[in-house]
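The values are calculated or read from the model by the stated rules, or taken from the named source; none is laboratory data. Source: prediction; values computed, not measured. Methodologically, a virtual Cβ is constructed for each residue, glycine included, from the backbone with ideal geometry; neighbour enumeration extends over all protein chains shown.
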Amino acid sequence: MSNETKVTKWLKDNKTELSWTRTGNDTPAVKLDRLYINRSEGYEIRDFILRYYECCNIGHNDENYENSFKKIIAYNKGNKTKSDVLLNHLKQGKKKCC
């Protein structure tokens with residue numbers, strides 16, 4: 001199972017109440033250069049987690065997904081958040097991040 005599939009499955013199985021509105025041919029990855037992250041959209045959260053894990057060499061498992069998801073949703077809650085600002089926030093405390 002690919003890491004993309006693992007993250008998607010975890011997000012869907014854990015009732016994260018994210019929107020998964022893509023249909024049919026709308027399967028390409030979310031644009032990673034997007035200025036703001038839409039934290040209510042499943043594909044954006046998934047792709048953000050994949051980017052974060054690759055950058056910081058974080059292992060893919062349920063516990064890490066849960067911790068990351070909580071941090072992503074809690075950061076600057078209720079306000080528009082720049083993707084890079086959120087990524088930098090999450091990278092703090094990680095010694096081997098890009």
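Taken over the stretch 55-88, the criterion of being at pLDDT 95 or above and of a type in the set (Asp, Glu) is satisfied by 62, 63, 66. Being buried (at least 19 other Cβ atoms within 10 Å of the Cβ) and either within 10 Å of the chain's Cα centre (by Cα) or more than 17 Å from residue 97 (Cα to Cα) (or both) is true of residue 50.
Please find, within the stretch 63-79, the residue that is surrounded by the most Cβ atoms within 10 Å (Cβ to Cβ) out of those that are in a helix (DSSP H, G or I) and without any contact (Cβ under 8 Å) to a residue 12 or more places away in the chain.
At the first step, the residues of the stretch 63-79 found to be in a helix (DSSP H, G or I) are 63-74.
This time we only want the ones that are without any contact (Cβ under 8 Å) to a residue 12 or more places away in the chain, so: 63-64, 67, 70, 74.
Working: 63: 8, 64: 16, 67: 11, 70: 10, 74: 9.
It comes out as 64.
When every residue of the stretch 20-43 is checked against the conditions, at least one turns out to be in a helix (DSSP H, G or I), of a type outside the set (Val, Ile, Thr) and at pLDDT below 95.
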